[in-house]
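The values are calculated or read from the model by the stated rules, or taken from the named source; none is laboratory data. Since the model is a prediction, treat every value here as computed from it, not as a measurement. Positions of Cβ are generated from backbone atoms using ideal geometry, with glycine treated the same way; all protein chains shown enter the neighbour counts. Note: accessible area is taken over every heavy atom of the protein model, side chains too, but ligands, DNA and RNA are not part of it. Shrake-Rupley method; radii C 1.70, N 1.55, O 1.52, S 1.80 Å.
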There are 2 protein chains.
Amino acid sequence: MNLRIPGPTPLPPDVLAAMSQQMIDHRGPEFEAMMGEVTVGLKTFFETQHDLLILTASGTGGLEAAIVNTLSPGDRVLAVSVGVFGNRFAEIAAAYGASVTKLSYPMGQAADPDEVAAKIAQEGPFAAVLFTHNETSTGVSNVAEALCRAIRSAAPESLILVDAISSVPAIRLQTDAWGCDVVVAGSQKAWMAPPGASFVSMSPRAWEAYEHARMPRFYFDLGQAKKYADQRQTPATPAMSVFFALRASLNKLAAEGPEAVWARHEHLGAYCRQGVLDLGLGLFAAEGHRSNTVTAISLTPGQSAAKILAALRERYDIIGGATRAPGVEMIRLAHMGYVSEADLDAVFVALRELIA
Amino acid sequence: MNLRIPGPTPLPPDVLAAMSQQMIDHRGPEFEAMMGEVTVGLKTFFETQHDLLILTASGTGGLEAAIVNTLSPGDRVLAVSVGVFGNRFAEIAAAYGASVTKLSYPMGQAADPDEVAAKIAQEGPFAAVLFTHNETSTGVSNVAEALCRAIRSAAPESLILVDAISSVPAIRLQTDAWGCDVVVAGSQKAWMAPPGASFVSMSPRAWEAYEHARMPRFYFDLGQAKKYADQRQTPATPAMSVFFALRASLNKLAAEGPEAVWARHEHLGAYCRQGVLDLGLGLFAAEGHRSNTVTAISLTPGQSAAKILAALRERYDIIGGATRAPGVEMIRLAHMGYVSEADLDAVFVALRELIA
């Protein structure tokens with residue numbers, strides 16, 4: 001199976017093998033050593049010196065943790081959305097009683113830092129500004145550094161909460177240097193690990209907000225998570241097999257080195273985009289904002305995404321991502337984590353046959 | 001390693017091997033088939049014809065789901081607690097704004113159904129009554145059937161929310177027949193699967209409550225979970241490797257059959273208790289309420305639980321559970337899931353040498 005959806009992503013053989021290790025005590029020295037090792041590995045790619053908590057949950061659980069640990073009901077929040085996952089981040093804030101102002105962009109467009117700053121100037125202050133670093137529903141990457149600078153400049157006191165689920169570690173995000181207060185990632189993306197763990201960084205400013213944040217929380221209480229993390233444990237029983245996999249995959253990422261990991265994904269992104277253009281197909285994301293982890297392919301009139309995806313699955317054992325933009329004929333191809341040019345070539349060969 | 005803590009529990013070799021399968025599409029037919037198979041397997045042991053949702057979370061996440069999907073802030077809740085996990089269930093309800101009345105029993109004692117009924121008669125009505133079926137902190141099993149009957153008789157309209165994390169599938173709980181509205185279990189217990197998934201049943205009465213329950217929820221929204229479960233999917237990316245393991249372990253449990261699984265745990269419980277008594281040590285739980293999944297051993301004056309646990313670990317590679325009852329010298333031994341008499345014999349041999 002050539003699994004090209006944006007998560008779960010295929011795992012390297014040694015990561016798969018690592019999951020067959022027998023269970024260990026989550027309050028014992030072996031786990032504590034692993035938790036320490038994994039946390040260091042994650043922080044390298046988060047580029048943070050601050051706290052990094054590991055939750056047994058999907059990425060959505062990590063987004064919920066970002067919200068409920070820093071905000072109170074009634075807090076004004078600016079949610080910058082460029083697609084499905086930006087909307088989800090906003091919905092979580094609203095579900096917990098935040099007063100959400102949306103700044104939404106058409107599918108395929110990236111957020112404009114100047115417009116974000118203007119929105120803050122006109123309608124602020126906001127307790128927090130949320131945005132998605134890389135939007136898998138449209139294959140759009142926001143320019144996180146510029147967004148952070150614009151937000152910090154317009155709203156020195158606002159928290160910056162970033163959904164980096166499909167970016168870090170493939171696309172660089174400098175958590176501390178860019179002033180991100182909470183950054184969320186998920187194990188099943190470019191980390192080359194299975195789904196089941198979400199990672200959440202907390203800046204000192206985020207911890208200050210935590211002290212007076214009154215949204216209810218228990219399972220996702222990051223104060224509890226930190227209390228245990230300081231002992232290299234977790235409050236509840238962790239997804240042990242996901243930790244085994246993560247330790248193996250982070251060792252591989254560390255051996256490769258961050259610069260090489262980012263460069264590899266830049267190359268894969270460019271390679272995928274060129275392959276799509278060579279087929280005469282379109283790129284859905286606006287130029288200059290095309291993701292290096294997932295490419296959204298625009299089909300030409302008369303082509304059916306559903307039919308092509310079904311044929312890819314049935315005839316070629318290739319699993320692409322369906323459209324997440326209603327009314328748009330789109331196929332999404334992920335190229336993050338354990339993926340090669342050959343995996344993408346196989347998709348292009350199949351697509352060429354199908355659309356000929 | 002002879003892992004005798006009450007979760008994570010050791011996994012059979014074929015369950016471990018199942019986790020090395022490559023990732024698949026969580027929106028594709030292979031996952032949908034697995035989700036259907038796993039749900040049927042779980043429902044057999046929950047003894048429910050109603051909905052059974054699978055969450056990517058530890059058991060504590062499942063407890064939170066039980067609360068936030070059925071209750072509103074200010075709702076009066078009776079929390080029957082016989083230990084640490086009963087207290088946790090109550091804390092979750094309080095964290096989300098329920099008005100919690102506690103009925104607490106001394107560590108080692110079980111809940112008295114008549115007292116629960118009397119409490120409801122005197123201080124009710126309560127929107128929900130919570131209790132723990134099997135309390136791992138003390139090795140106490142509550143008589144769930146009698147508790148459910150007492151609650152239902154005293155409070156026909158109350159919801160009954162049951163923490164069955166360390167009971168089902170080892171200790172029988174008849175979800176539908178006993179009128180349990182929400183029952184929560186966790187993958188890492190007698191299911192012989194790794195941590196990372198929690199299972200939550202919902203009765204029709206629980207769904208009625210869901211319609212007007214106003215506690216905030218997003219990740220643990222069971223209405224969303226049901227909407228996707230009806231398509232054999234999950235709202236967010238599921239812990240795929242845990243599903244692979246669960247499918248394998250549920251096949252084993254199905255092959256053994258529920259009656260045999262319950263009988264096996266009855267036997268292991270009795271075997272462990274006899275072994276403890278043969279060593280001249282005590283049983284912490286009150287007679288008639290001793291758990292068939294975990295035994296709490298009372299040490300005699302002068303014996304240090306911490307020292308014995310350290311020696312078990314260092315000299316025998318046996319990992320026992322520490323005390324969860326402050327001031328009590330106690331060792332806890334789990335005997336649920338993939339465990340044999342020989343595993344327990346090894347502990348008794350070691351304990352005999354250490355306490356001689």
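Placing R0 at 51 angstrom, the Cβ-Cβ distance between B:Ala177 and A:Ala121 gives a FRET efficiency of 0.25 after rounding to 0.05. Inter-copy label distances at B:Pro258, using a point 7 Å along Cα-to-Cβ, come to 5.4 nm with the shortest given first. The antiparallel fraction among DSSP beta bridges confined to chain B stands at about 50%. Near A:Lys227: Cβ cut-off under 13 Å, other residues only, Lys/Arg at +1 and Asp/Glu at -1. The net charge is -1.
For chain A, would you read off the P(r) tail past 25 Å as a percentage of all alpha carbon pairs? Considering chain A, 52 percent of its Cα-Cα pairs are separated by more than 25 Å. Computed over chain B, the per-residue total of -39500 (n - 2.57) for DSSP H runs of n ≥ 4 gives a 222 nm mean residue ellipticity of -13000 deg cm²/dmol, rounded to 500. Take the Kirkwood radius over Cα pairs of the protein assembly as shown, plug it into Stokes-Einstein at 10 °C and 1.306 mPa s, and you get 61 µm²/s for translational diffusion. Charge tally around B:Gly139: other residues with Cβ under 11 Å, Lys/Arg +1 each, Asp/Glu -1 each, net +3. Run down the lysines and flag those whose C-alpha is under 25 Å from the C-alpha of B:Lys119, throwing out any fewer than 8 positions away in its chain. Leaving aside lysines fewer than 8 places away in the same chain, those within reach of B:Lys119 are B:Lys102. Using only Cα coordinates, the Kirkwood hydrodynamic radius of the stretch B:42-171 works out to 14.7 Å. Qualifying trypsin sites (Lys or Arg not before Pro) in the stretch B:194-249, where qualification requires a DSSP coil assignment and no more than 13 other C-beta atoms within 10 Å, comprise B:Arg214.
Excluding same-chain neighbours fewer than eight residues apart, the aspartates and glutamates reachable from A:Lys307 by a Cα-Cα span under 17 Å are A:Asp317, A:Glu329, A:Glu353. A cut-off under 15 angstrom between Cβ atoms defines the neighbours of B:Glu208, and their net charge, with Lys, Arg +1 and Asp, Glu -1, is -2.
Placing a label point 7 Å from the Cα of A:Pro12 along the Cα-to-Cβ direction, the distances to the matching points in the other copies come to 3.3 nm, shortest first. Among the listed pairs B:Lys189/B:Lys252; A:Lys189/A:Lys252; A:Lys227/B:Lys43; A:Lys43/B:Lys226; B:Lys43/B:Lys252; A:Lys252/B:Lys189, those with a Cα-Cα distance over 25 Å are A:Lys227/B:Lys43; A:Lys43/B:Lys226; A:Lys252/B:Lys189. Classify the stretch B:88-138 as rounded, prolate or oblate, taking a ≥ b ≥ c as the square roots of the eigenvalues of its Cα gyration tensor: rounded when a/c is under 1.5, otherwise prolate if a/b is larger than b/c and oblate if not. Judged from the Cα gyration tensor, the stretch B:88-138 comes out oblate (a/c at least 1.5, b/c at or above a/b). Working from Cα pairs under 8 Å separated by at least six residues, relative contact order for chain A is 25 percent. Per residue, the stretch B:5-133 exposes 30 Å² of accessible surface when a 1.4 Å probe is rolled over the protein heavy atoms with every protein chain present. Measuring nothing but protein heavy atoms, the accessible surface of the protein assembly as shown at 1.4 Å probe radius is 51 percent carbon and sulfur. In square angstrom, rounded to the nearest 10, how much accessible surface does A:Val339 have for a 1.4 Å probe? Here the accessible area works out near 20 Å². Sorted from closest to farthest, the other copies place their B:Pro73 label points 0.2 nm away, with each point set 7 Å from Cα along Cα→Cβ.
Annotation: the antiparallel percentage among DSSP beta bridges lying fully within the protein assembly as shown is about 50.
Enter the Cα centre distance for the pair the stretch B:30-48 and the stretch A:171-214, rounded to the nearest angstrom. Each part reduced to its Cα centre gives a spacing of 34 Å. Looking at chain B, which longest stretch skips every one of the GluC sites (Glu not before Pro) that is in a DSSP loop with at most 12 other Cβ atoms within 10 Å, leaving the sites themselves out? With GluC sites (Glu not before Pro) excluded where exposed in loops, chain B gives B:1-156 as its longest stretch.
Can you tell me how the stretch A:182-302 classifies by the Cα gyration tensor, rounded, prolate or oblate, using a/c under 1.5 as the rounded cut? Prolate.
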